[in-house]
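Colleague: For reference, the structure I am asking about is given below.
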Amino acid sequence: MTGSLPQCGRCRVTLDPDGTCWHCSRDDASKQLDVWPEQPPAVHYAPEPEHADSPETIVVATRRLPDEFWEARPLLKQIRQAAWATMTHPDAVLAAVLARSAGMVPHGVKFDSGRGPSGSMNLFACLLAGSGIGKSEASRAASELVKVPHPLGTLDGKADFEVFRDGVGVGTGEGLAEVFMGSKERDTGRVHKGGPLKGDPIMEKVRAQVRHNAYFYVDEGETLTKLMRDRQGAILGATLRTAWVGGTLGQANARDETTRMVPNGDYSMGLLVGFQPEVAAGLLSDVGPGTPQRFLWIGAQDTEMPEEDHEWPGPVDLPRWPKQGVVTFPPEIRQALRAQTRQKHLGEIEVDPLDSHEPLMRCKLAALLCLLDGRMHVDREDWRLSGLIWATSCAIRDSLLRFQQRQADEEAERQLERKTREARAVTAAGLQASAAVERVAGRLKAFAEDESLTLGEARRKLAGRDRPLFDAAVEHAVKQRWVWLDDNLLTAL
């Protein structure tokens, strides 16, 4: 793909148009997580075009996972094959598989990367492409490819909606918690004193958490960002940030029917959002609170789609996961993560705000890849593959930021041109008005030279089209010392 394009002498990544290597220029904190330096992420990209016909080409076309990623494991080959068979982008189908799998992982399964055995698998991803390009198709392909495991699904691999909400939309922050809620019967501590149920406990229905797994899909991300930004009192952004780390969702209200409490670590969820590049700014602008840092950024427009047909690879059965357990990490990764965190606290390194969640994101990805491979211990390949996904996500995100900056610069230039045109028009109108006032003032001077006259008499002598300029013309004539105004009488000087 790269042809004869110039490459970095150190990591062999194709250079950007300005001659820089985006990979090597990443900050030291990011580099420290490549704990096996003899195998650096081999991501090769063509440089961005200086000019493109569409934002999708700028953002998506040159940023994708390399062939070596897809050849690493049979499951990854199947995902790519499924994408080719459905004419979708392999990267997008992978993102959908990962997000949906995160929603199907038993909530009792966590990971331990050195911060304790409570790491959440919850994963969010954005798919970037223009309207009608294939974002929804990628999510659909992932759902058809991966069967829902027992006990979340039926015998034919479809979701049992009562226990796994598969592909539901996102409305409000309260609604996100509501997906896990329902009704349960609770023992009141009293018994029936008579009738056929005599002696049996008296039960009552109460609202409670009734499920632990959900996969959310939002076809158009602009709807999501509008909810985050426009709805008065919206808590959606804060809820998403909490959900990503598996924190407690919902709130306890005075009335039972409006109480929603989903305890910390008691749920698994994945979220996939489709975005058109030109409207993704709504999410990227939420850097301060930390929302875009919690998303993978993946392209959904495949500019290298094969011409030939490909057969559907058949459905994939997920490994049988334990109901509870901890995915562990090798010592070298734990040490690298600890060293980076310590350096942050000591102020020895600075991390770009958009990269602030890189360690946790890579841990989530590595743990999910490990689980999908049927294991509970992350190995060096899991970590390397997670690095390739992260690097590709960063490249797309950074490319999107540059594109949006170009859009902002172009809009600023258009606004400047508009204001310049308006100023010139105002100036021209002012000059034209000044010339008219000068002409009428000359007429008043001529009147006064013939004879002194009152202001009323002078106004009546003017033509109808000149009378609106009378006051300004009198003031101008006086300033020019052409006439003298004394007690409402104009006299020539």
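The values are calculated or read from the model by the stated rules, or taken from the named source; none is laboratory data. Predicted, not measured: the structure shown is a model, and the values here were computed from it. Don't worry about glycine lacking a Cβ; one is built from the backbone with ideal geometry, like all the others, and counts go over all protein chains shown.
Colleague: Is at least one residue of region 102-112 under 18 Å from the mean Cα position of the chain (by Cα) and of a type outside the set (Asp, Glu)?
Modeller: For region 102-112, residues under 18 Å from the mean Cα position of the chain (by Cα) and of a type outside the set (Asp, Glu): absent.
Colleague: Regarding region 443-455, can at least one residue be identified that is of a type in the set (Phe, Trp, Tyr) and assigned to a helix (DSSP H, G or I)? Please lay out each step first, then the result.
Modeller: Our first condition is that a residue be of a type in the set (Phe, Trp, Tyr); within region 443-455, this holds for 447.
Cutting the leftovers down to assigned to a helix (DSSP H, G or I) gives us 447.
For region 443-455, residues of a type in the set (Phe, Trp, Tyr) and assigned to a helix (DSSP H, G or I): present.
Colleague: Where the second residue is acidic (Asp, Glu) and the first is in contact (Cβ under 8 Å) with a residue 24 or more places away in the chain and lies in region 464-493, which pairs have Cβ atoms under 8 Å and are six or more apart or on separate chains?
Modeller: Filtered contacts from region 464-493: ALA473/ASP466; HIS476/GLU438; ALA492/GLU449.
Every residue, every condition in (1) acidic (Asp, Glu); (2) in a loop (DSSP other than H, G, I, E, B); (3) under 16 Å from LYS364 (Cβ atoms); (4) modelled with pLDDT of 85 or more, yes or no:
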residue: ASN253; (1), (2), (3), (4): no, yes, no, no
residue: GLU257; (1), (2), (3), (4): yes, no, no, no
residue: GLN343; (1), (2), (3), (4): no, no, no, yes
residue: GLU348; (1), (2), (3), (4): yes, yes, no, yes
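Colleague: Okay, next question. Can you find a residue in region 134-143 that is more than 17 Å from GLY246 (Cβ to Cβ), in contact with a Lys or Arg (Cβ under 9 Å, 6 or more places away or on another chain), modelled with pLDDT under 95 and acidic (Asp, Glu)?
Modeller: There is no residue in region 134-143 that is more than 17 Å from GLY246 (Cβ to Cβ), in contact with a Lys or Arg (Cβ under 9 Å, 6 or more places away or on another chain), modelled with pLDDT under 95 and acidic (Asp, Glu).
Colleague: Exactly one condition in (1) more than 30 Å from LEU284 (Cβ to Cβ); (2) at pLDDT 85 or above is not met by ALA412; state its number.
Modeller: (1)
Colleague: Evaluate the following for ASP409: is it in the same structural domain as LEU284 (by TED's automatic domain parsing) and either within 30 Å of ILE298 (Cβ to Cβ) or touching a residue at least 60 places away in the same chain (Cβ under 8 Å) (or both)?
Modeller: When the stated conditions are applied, ASP409 does not pass them.
Colleague: Something else now. Out of curiosity, is LEU224 surrounded by 12 or more Cβ atoms within 10 Å (Cβ to Cβ), within 23 Å of ALA96 (Cβ to Cβ) and modelled with pLDDT under 80?
Modeller: yes
Yes/no per residue for (1) touching a Cys at 6+ places or on another chain (Cβ under 6 Å); (2) hydrophobic (A, V, I, L, M, F, W, C); (3) surrounded by 13 or more Cβ atoms within 10 Å (Cβ to Cβ):
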{"position": "ALA141", "(1), (2), (3)": "no, yes, yes"}
{"position": "VAL179", "(1), (2), (3)": "no, yes, yes"}
{"position": "THR188", "(1), (2), (3)": "no, no, no"}
{"position": "GLN209", "(1), (2), (3)": "no, no, yes"}
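Colleague: Look at region 56-79 and say how many of its residues are more than 16 Å from LEU296 (Cβ to Cβ) and either crowded, with 22+ Cβ neighbours inside 10 Å or modelled with pLDDT under 95 (or both).
Modeller: Final tally of qualifying residues: 8.
Colleague: Now, a different point. Between residues in region 344-360 that are in the same structural domain as ASP112 (by TED's automatic domain parsing) and under 17 Å from SER386 (Cβ atoms) and residues that are among the hydrophobic types (A, V, I, L, M, F, W, C) and outside any helix (DSSP H, G or I), which pairs lie under 8 Å by C-beta distance while being six or more apart or on different chains?
Modeller: Pairs that qualify, where the first residue is in the same structural domain as ASP112 (by TED's automatic domain parsing) and under 17 Å from SER386 (Cβ atoms) and the partner is among the hydrophobic types (A, V, I, L, M, F, W, C) and outside any helix (DSSP H, G or I), are GLU358/LEU33; GLU358/VAL351; PRO359/LEU33; LEU360/VAL245.
Colleague: Regarding region 306-327, can at least one residue be identified that is buried (at least 23 other Cβ atoms within 10 Å of the Cβ), within 22 Å of PRO106 (Cα to Cα), in contact with an Asp or Glu (Cβ under 8 Å, 6 or more places away or on another chain) and touching a residue at least 60 places away in the same chain (Cβ under 8 Å)?
Modeller: First pass over region 306-327, keeping only residues buried (at least 23 other Cβ atoms within 10 Å of the Cβ): 327.
So of that shortlist, the ones also within 22 Å of PRO106 (Cα to Cα) come out as 327.
Okay, now just the ones that are also in contact with an Asp or Glu (Cβ under 8 Å, 6 or more places away or on another chain), so 327.
Pick out the ones that are also touching a residue at least 60 places away in the same chain (Cβ under 8 Å) and you get 327.
For region 306-327, residues buried (at least 23 other Cβ atoms within 10 Å of the Cβ), within 22 Å of PRO106 (Cα to Cα), in contact with an Asp or Glu (Cβ under 8 Å, 6 or more places away or on another chain) and touching a residue at least 60 places away in the same chain (Cβ under 8 Å): present.
Colleague: Those residues that are assigned to a helix (DSSP H, G or I) and among the hydrophobic types (A, V, I, L, M, F, W, C), I need them from region 456-493; list them, please.
Modeller: ALA458, LEU469, PHE470, ALA472, ALA473, VAL474, ALA477, VAL478
Colleague: Of the residues ASP286, ASP302, ASP309, which is farther than 30 Å from ASP398 by Cα and among the acidic types (Asp, Glu)?
Modeller: So the residue among ASP286, ASP302, ASP309 that is farther than 30 Å from ASP398 by Cα and among the acidic types (Asp, Glu) is ASP309.
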